[in-house]
Each structure stands twice: as structure tokens, then as C-alpha cells.
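The values are calculated or read from the model by the stated rules, or taken from the named source; none is laboratory data. Fair warning: this is a prediction, and the values are worked out from it, not measured in the lab. As a convention, Cβ positions derive from the backbone with ideal geometry for all residues, glycine included, and neighbour counts pool all protein chains shown. The accessibility values were calculated without ligands, DNA or RNA, using every heavy atom of the protein model including side chains. Shrake-Rupley method; radii C 1.70, N 1.55, O 1.52, S 1.80 Å.
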Amino acid sequence: MTSELLHDQQKPRTYSFDARPHEPAGAKPAKRLSPARIMIYSLLFVATLYYLLPLYVMVMTSLKGLPEIRLGNIFSPPMKLTFAPWVKAWDGACTGLYCEGLKVGFWNSIKITVPSTIVSIAVASVNGYALTNWKFKGSEVFFAILIFGSFIPYQVMLFPLVIITRELGIFGSLSGIVFIHTIFGMPILTLLFRNYFMSLPPELFKAARVDGAGFWRIFLVILVPMSLPIFAVALILQVTGIWNDFLFGLVFAGLKNFPMTVQLNNIVNATQGVKEYNVNMAAALLTGLVPLSIYFISGKLFVRGIAAGAVKG
Amino acid sequence: MSTLKRSNPLFRNLNAKIAALPMIATTLVVFLGCSIWTVVYSFTKSRSLPLNDFVGLMQYERLFRTSRWLISLENIVIYGVFALVFSFVVGFVLAALIDQKIRFESTFRTIFLYPFALSFIVTGVVWQWILNPTMGLQASIRSMGWESFTFDLIAGRDTVIYALLIAGLWQGTGFVMVLMLAGIRSTDDEIWKAARIDGIPTWKTYLFIVIPMMRGVIMTTLVIVAAGIVKLYDLVVAMTQGGPGISSEVPAKYVYDFMFARGNLGQGLAASTVMLTTVLIIIIPWAYLEYGRKKKG
Amino acid sequence: MNSIEIKDLSLRFGEVEVLKNLNLSIHKGEFLVLLGSSGCGKSTLLNCVAGLLDLSHGQIFIDERNVTWEEPKDRGIGMVFQSYALYPQMSVRGNLSFGLKNAGIPKAEIAKRIQRAAEILQIQDLLHRKPAALSGGQRQRVAIGRALVRDVDVFLFDEPLSNLDAKLRADLRVEINRLHHRLKNTMIYVTHDQIEAMTLADRIAVMRDGNILQLDVPSQIYNRPINKYIAGFIGSPSMNFLEGKLSAGDNPSFIFGDERFDMSRYRFDGEGQQNGATTLGVRPEHIRTGNAAQEMPISRNIVVEVVEPMGSDTLVRTHLAGQEFRLRMDGLASVNKGDNLLVGFDPAQVSLFETTSEQRL
């Protein structure tokens, strides 16, 4: 066998396309509109309608006046655009005793979310670090119970926790609700941090120890700076989770500190007075605004946060 | 060296133990302690305050004679079964559709997941409005000319649970979709190539090859979703307040109402113990399988 | 008769041209190896032949049939993957039969084919097991079996041995060789391992950057590499390259530093000879030492700088007229750092490359 050179520059082609003009050649003709494709996109379209319609209805309803709502159609855009429902929802809607709108709840939610997020992440990150690099006798057992505990319905622990927080003198206060969020954020966050720290090369930790760095130094100087993405994931997870919480806020925060979700529910399900659907929708949108903004801005990190628990890292 | 000055083992690795203290306290006091407390006091006569007056199974006997509790149980079973089936079927189908090299993939994914970022309260409020028979979807379709159109699930005693289901699926299916998509994407590319060479149609590849390979992800998702279903509370409060009448009551709401609104702690504790038992029945086999499999591997 | 013909095949992913106008004919029953480092396009080409990737341009014929637009299953091919790609939840029998059942082949026929494949690959005892309960070597046999039961003329192997340890790789290599001799069907085998390529191939196609650089029998690839890249890629330790210039004529010679090598015994390609900057390549294993060196047309004295005993042979590093130079000696040779050594080689065994184009002269 002699060597055949395959470059067309070096050797004239044996065949050319002209020789067999009717043969299939090149890319398969794109079947852009094959029945399968049409099917896929139609199904996706139907699903998109189901998911987007409520948002659309919410926005449209919140921009209409009450008379128009009574006549009309939830899908039709407002004939007369009004922002009054938004103003009322924020500033004047009645949440039980007071008629100061959702703004009270908004600020309460901020006051609850900020410290709860910081404290719970601080505790859980150190925790995950201890579980990864400084295992002690029994640490795995505690971790197992912790994860197991995250599946226990909150209702089971609710009353004893009321007693505990009351004994600690923090029931019905901001400290109380921060305390509760720190406890119930611990399983998922610890898992998140532990899995992340485990994925880092252990040599890094060993080298730092050989260099004489201690527990806190290694954590603060070496691990934290290189774990910023996972802190961002934890942040997103906690801010949305705590903002959306209802039960704990209702039980532990105390009347004065009711978060936005509780106040929204009070506005919507108030038994007295005329139902103002437009105000309700504006209030619901306002309540959803913070987590939705986080979701749309953070994108992939949000997905990573919710997948963290299920897909093992 | 260490043999000469052997420190008390309790103080070895002290910093780590201090750092783990919140976790140790949480597991011992909250997850174990509080649960045990609840179970123990469910056998007492406690009314508005906990009492040490043990009365055996009296609270449970009363619980299972209360129609409100029985309705709660029935509701959560119906909701749970349908929510699991639909969220998995729809979630998987959506994930598989998104996996078909479609255009605007991330847009679709974003749309299917955004309700998951919302509070159940918001979800409940929106769907309460949409499903409102006199002004919502039903009225709108009728006003467009289809006079006989009927969609009043939320108003019917027997159907209100399905109204909750529609809202719950709207919020939760995206979560299942994301996890299923992660599972699908983590299957080996070459498996797909092998299946194409074998001439296996796409749907069969998903059904007979990919899904069996995703057993771990599916089981874990199943447990998370199931544990979430047992906790169902906020959505009911926001959407129906348990109504019409008591037809959409659920166990978590029963517990809350008896503990905090009706001053009947014993009932609340007994009901929450039943919830705990249910969750344990879901979790223990799973944990056993997961743990057992890891041990073998 | 050609089993596979590839005509003017190009593949583009967006702006990047991954395969560049390839032409390749593979005879019936031939074992062709696509060899190259990662990213050269060898696996991509194989995937095109399999129909797993759509071409941008060109045609593929299998058994004289234009299969350019055919689905993989209709091309009459079987394929074996690096990761085995066995269906993990099915038994070995399930893996072998799944495709056949799906194609509607009668049960008796399926059983017969599995029986035959299991016998050839000696996996009869494993048929009821799940892939997880098999060793790497056994898994790869099952993967080969899945191609075997398809009863096709063409087998495609995509780095099938890369996930195995060295010993198993050697064993399975021999087995694939045996299989080819027994079945006599056409095989295309992708690898980055030159030993697999040299031992298995009837012909090797060396690829780089989406081009086939050289297509030839292994001995030609080894002895007469068409350019400097192939010369350096094939062989371990790799070829020595000395930079110098060629003085053409009736008695051509290679000049570098103060040295002048007589090149009259060198067989030039085509018109070949030309004056100018030239690279001389000589394989470390073609260098003789001591008495044997004296009989070589070219011999020089060198000082041993580094000795690397490898057991079976010994690698010596030195410099020749200021340029790095390696040679391979017998494992038993007693040679030490600082020794003076006479080395020699035959110009008929060297390769000359034009320095700028790196093409063989």
C-alpha cells in the first residue's frame, strides 16, 4: 500500500459532487417544523400560559378600578389605568387593627430578614467547616440528625419552641424570630456549606495547618474568600426563604413585627369591609417583588440553591 | 508530646466543638428534645397550658372521632397523591421537553420556576382571585360568550381540594422540573449515543434508560416534595381558610388552630404526633435505602 | 471494494471548522485507526460516520450506500464507547437484546445472536448480571457484544480501552485483534495511544486540527513520517531533532554546527533535495553504540550527561554539537554519567524535514 495523501490540495479528488448530483450530501435538510418539534413547542407554550397567566392577571387587576373589575374580565387590560390600588396597598390598606398598609410589613420583613440571614449563614458556614475539616467523635451523628430533622413538620416542634423562647425572654420579638430562622435554616445551609467545603482540595487545609494556622484563621483567611459563590447561593436561599415565611412570623415575631406575608394575608382575608381585589393583587405583587427580583437577577445561583439539597454535591 | 500530656478528650479539637455547639444544641434540644416533648405531652390532658396529667390515648381517640381531623387527613391524602403524581409527571415532561435542544431554553426554565420563588401566601391570594367563580376565570370566560362554562372548584365542598392542587402545582412543579433536568443532564452522553445506534426512540430512552438511571435524584426529590406536602399550611390559610365550611382543612392547620386559637393543646400535640409519624414512615425507608446503598457501595 | 468512503467531509460548529474537507476510503475488512492527540477531531470524525453528528458538507458511503442522511441505526454499524455506555439498570442480556427487540427481531433470532456473541466474547456466565457487578474489562466486552449482536459489517470504537488500567488494556487489545481476525469486518478505531494504533491497525490515519496528515500502514508512519509533527508524535521516547541545513547534490549532506553528515544513503521523497534550513530526525532506538556504532555510516563521540535506567532499556541524554540528543541502550548496558561513548546511526533510517514547512524531504 502506498501512502495516499488526503489533502485536496495535494491530490486531485477522486469524486466530486457533480459526479453524483442527486445524492444526499452535507447536513441533513433541517426539519424545523417536523411534527415532533411542533408538538414540543405547543406543549411548552401551553405550560408557559399556565405559568404566566396568574402573573398577568395579577398585574392587570392591580391596575384597574373596582367598578371595572366588577363588570369585566380578568384578562382584559385596564380601560382606565390607575395606580391607586398600589398606593393603597402600600400605604393605607387595613391589616387587622391598623390601616397603614403593607409598608409596615415590608419594613418588618426587612428587619427580620437581614439579621436572620446573616446569623443563620454565619452559624451554618462555621458549622459546615467544622464538619468537613475538624470532624470530632459524633459529629457525623449530629449532622445526620440535623438533616433528618429538616424533614420533621414544623408543627411538631412549634409549641415546645414557644416555651423555650418564652423562657429565654425572646418570644414575640425580633430576636425570637431571628433565633427561629437560624435554627430552621441550619440543616439546608449546613449541608450546602459542608458539600462545598468537601469539594475543595483537602491539601489546601493541610498546607495551612502545617503553616501553623488555627481553626478560625484557616476559615476566615483561606476558606471564606474562596467560597464566595456558595455564600451567594446561601444568601439567595435564605433571603427568599425567610421573606416568604408565614408560620414562624405569625407565631414568633409578635404583633408589632408581623412580616409582610402575614400582613398580606390579613389584608386579603380580612372579614369586614368590601373586598378590594385590585388592592389585594397590588399587595400580593408588592410582597412577591423582593423574592422575584432576587430570582430574576440571580438566575443560576437560585437554581443551584434549590438543587443543593436534592442533588448530592 | 501528646502521650505525656494527654489532654481530656473532651477538650481535644475544642474550637471545632465550640463552633459546632449551635448545631449540637439544635439537634439535641430542638429536633430531638422538642419532638419528644410533643410526643410525650400528646398523652396528657393539656388544655391551654401543658399539664402533667397523663390520660393514655384519650387525645388520639378524640382526634380520630373529630370529623374536622378526618377531613384534614382525607384532604392531605388526596392532595398528596395528586400533587406527587402531577408534579413528577409534569415536571419530568417539562424537563424532557427543555432537554430537546430547544430555542430560548433558559427563558422557558425561568418561566416554569418563578412561582417557586413566591410565598405560598402570594400564590394563594392570586389563585383565590383567579378561581373566584363570580369574578375570576369562570366569569371571564362566560362574559366572552361561553355561557355554560363552569369552573368553580374553589366553591364546592368536594372540589375545593383540587383548587388548592392547581395552585400548589403552579408553585411547586418548577422545582421538580429543575431537579429532573439536572438528573437528565447528568446522564452520560455516550448512553444517549449508544441508544441512538441501537435505534431506541427518544421517549423509550427516557422511560427505560434515563429514568431508571435517575433513581437517586428521583427518590430524593420525592422525599423532599412529600415532606413539603405534609407541611401544607400557608396555601390553605391564604386561599380558602379551610373553607367552604371545613372542607379544605389540612392537618398542619388543625394543629395550629387547636394549639394557638382554640387553647386545646392536647389535641394539637396529638395531631402533630400523627404528622410526625407519617413523615417518619416516608423518611425512614428512604434513609435506610440511601444509607444502606452507600454502605454497600 | 470499499466498505466506507468519506468524501469532502467538513464539519463546522458555528465559526469553528472542526473537520476540514476530509477524504478517506476504507477497504472491506480493514482495521483503520484514527490517531491523534485530544482535540484533533478523531472522535468527531467517528461520530460523523456513526451518524451521531450531522455533517456541514460532504458525503459518507457505507457499503456503497450513501448514508449521509441516514439515522445511526440504519447505517449498518455497531459502536463501542469509552465509558462503555451500558444501560445500568438492565442485565447483560438486557443490554444485548434491547436494541434488537426494539427493531422487532424475532425472539429466537435474538437468543441465537446473544448466544453467539457471548461465546465469542466469553461472557456466557455474565448474562444475568447487571453492569455494576462487572469489572471494567467485562463491561467493555459486553459493550463490544452489543455491537456484535447487531450483526453489522462495520464496527466503530471510540477510545474503548482508555478507561482501563495498563494490564487490562494490553489484554483487551490482543482480544480486539483476535476478534478482528475472526470476524473480518471493517473496524474504525479511535485512540490517542500510539501502541494501540501500531499493534492493531492495518492502516493508521494520523489527525491534527481536523485534517488527516498521513494515512498509511504502521511501519510507514513510523519509518517515513510525512512531517515533523507525526515524527515527534509517534515513538517513545520521541525522535531527536537536529537543526541544520542541507547541501544538495550528488552527495547530499546535512550540516549543523561544525558537523557534516553524509546523506547519500537517504531516500528522498519525490523531487526531494533542496538546499536550505533542514531538520534531521533520528529515533533514539535507531542509534547504535560502541562496536556497532563503528559499523554505521555516521558515528560520533559524545559524553554521557544523564542516565535513566528503565529496566528493559536505558535512556541516555547528551548533547551533539550543542543540540539535545537522546539514545536508547540495552537495559543491561553499563553506562555512567561522564562516560565517553561512540554513537552512530544509518542515514537510511533518519528523516529529513524542511525546517519552515516541517514537511518530509
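At a glance:
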quantity: Exercise: per-residue mean of other protein chain Cβ atoms within 10 Å, B:230-240; calculated: 4
quantity: Summed buried accessible surface, chains B and A, 1.4 Å probe, nearest 100 Å²; calculated: 7900 Å²
quantity: Count of lysine pairs in chain C with Cα separation under 16 Å (8 or more residues apart, or interchain); calculated: 7
quantity: Nearest-20 debye value, segment A:103-309 charge dipole, Cβ charges on Lys, Arg, Asp, Glu; calculated: 180 debye
quantity: Lysine pairs within chain B, Cα separation less than 20 Å, 8 or more sequence positions apart or different chains; calculated: 4
quantity: Extension gain, C:Ser247 back to C:Glu259 (0.36 nm per residue minus Cα-Cα distance, nm); calculated: 3.1 nm
quantity: C:Leu213 long-range amide H proximity, modeled H, under 5 Å; calculated: C:Val206, C:Met207, C:Arg208
quantity: Solvent-accessible heavy-atom area per residue, rounded to whole Å², over the protein assembly as shown at 1.4 Å; calculated: 45 Å²
quantity: Kyte-Doolittle mean at least 0.5, axial Cα span of 27 Å or more - DSSP H helices of chain A; calculated: A:35-62, A:103-133, A:174-199, A:277-298
quantity: 37 °C / 0.692 mPa s Stokes-Einstein diffusion coefficient of chain C, Kirkwood radius on C-alpha pairs, µm²/s; calculated: 143 µm²/s
quantity: Given charges at beta-carbon only (K, R positive; D, E negative), |dipole| of chain C in Debye; calculated: 1480 debye
quantity: Charge-dipole axis of chain C as Lys and Arg at +1 and Asp and Glu at -1 on Cβ define it, positive-most pick from C:Val306, C:Val80, C:Ile114; calculated: C:Ile114
quantity: Distance (nanometres) between label positions extended 7 Å along Cα→Cβ at B:Val39 and A:Ile38; calculated: 6.0 nm
quantity: For chain A, radius of gyration divided by Kirkwood radius, i.e. Rg to Rh on alpha-carbons; calculated: 1.18
quantity: Cα long-axis angle, helix C:166-183 against chain C (0 to 90 degrees, to the nearest 10); calculated: 70 degrees
quantity: Inter-label distance for B:Ser186 and B:Tyr162, nm, one decimal - labels placed 7 Å from Cα along Cα-to-Cβ; calculated: 3.6 nm
quantity: Within a Gaussian network of chain B (alpha carbon springs, distance under 10 Å), most fluctuating of B:Ser247, B:Ser148, B:Ser35; calculated: B:Ser148
quantity: Residue-averaged beta-carbon neighbours from other chains (10 angstrom radius) around A:49-58; calculated: 6
quantity: Hull-based mean projected area of the protein assembly as shown, where the convex hull spans the alpha carbons, in square nanometres; calculated: 55.2 nm²
quantity: Nearest-ten-degree value, helix C:92-102 long axis tilted from longest Cα axis of chain C; calculated: 70 degrees
quantity: Helical segments meeting 20 Å axial Cα length and Kyte-Doolittle -1.0 threshold in chain B (DSSP H); calculated: B:67-98, B:160-185, B:215-230, B:265-296
quantity: Loop-resident sites, segment B:127-192, for trypsin sites (Lys or Arg not before Pro), counting at most 16 other Cβ within 10 Å (DSSP); calculated: B:Arg157
quantity: Accessible surface of the protein assembly as shown [probe 1.4 Å, protein heavy atoms]: carbon and sulfur percent; calculated: 60 percent
quantity: Over segment B:66-296: Kirkwood hydrodynamic radius from C-alpha pairwise inverse distances, Å; calculated: 19.8 Å
quantity: Average other protein chain Cβ within 10 Å of Cβ, residues B:130-137; calculated: 4
quantity: Total accessible surface hidden between C and B, rounded to 100 Å², 1.4 Å probe; calculated: 1800 Å²
quantity: CD proxy at 222 nm, helix term only [per DSSP H run n ≥ 4: -39500 (n - 2.57); per residue of the protein assembly as shown; nearest 500]; calculated: -15500 deg cm²/dmol
quantity: Karplus-derived HN-Hα couplings along segment C:290-301 (A = 6.51, B = -1.76, C = 1.60, θ = phi - 60°), whole Hz, x at Gly and Pro; calculated: x, 4, 4, 5, 4, 7, 7, x, 10, 8, 9, 8
quantity: Simple label model, 7 Å out from Cα along Cβ direction - B:Asn15 to C:Lys337, nm; calculated: 4.4 nm
quantity: Calculated FRET value between C:His27 and A:Val221, using beta carbons and R₀ = 45 Å, to 0.05; calculated: 0.10
quantity: Sparse-neighbourhood loop sites, trypsin sites (Lys or Arg not before Pro) in segment C:224-314 - DSSP loop, at most 15 other Cβ within 10 angstrom; calculated: C:Arg265, C:Arg267
quantity: Top of A:Ser199, A:Ser109, A:Ser175 by mean-square fluctuation, Gaussian network on chain A, Cα under 10 Å; calculated: A:Ser199
quantity: Most mobile listed residue (B:Lys17, B:Lys101, B:Lys231) in chain B, GNM with C-alpha springs under 10 Å; calculated: B:Lys17
quantity: Helix C:107-121 axis, angle to chain C major axis (alpha carbon atoms, nearest 10°); calculated: 30 degrees
quantity: At R0 = 41 Å, FRET efficiency that the Cβ-Cβ distance of C:Lys130 and A:Glu203 yields, to 0.05; calculated: 0.70
quantity: Efficiency of FRET from Cβ geometry, B:Asp99 and B:Thr66, R₀ 41 Å, rounded to 0.05; calculated: 0.30
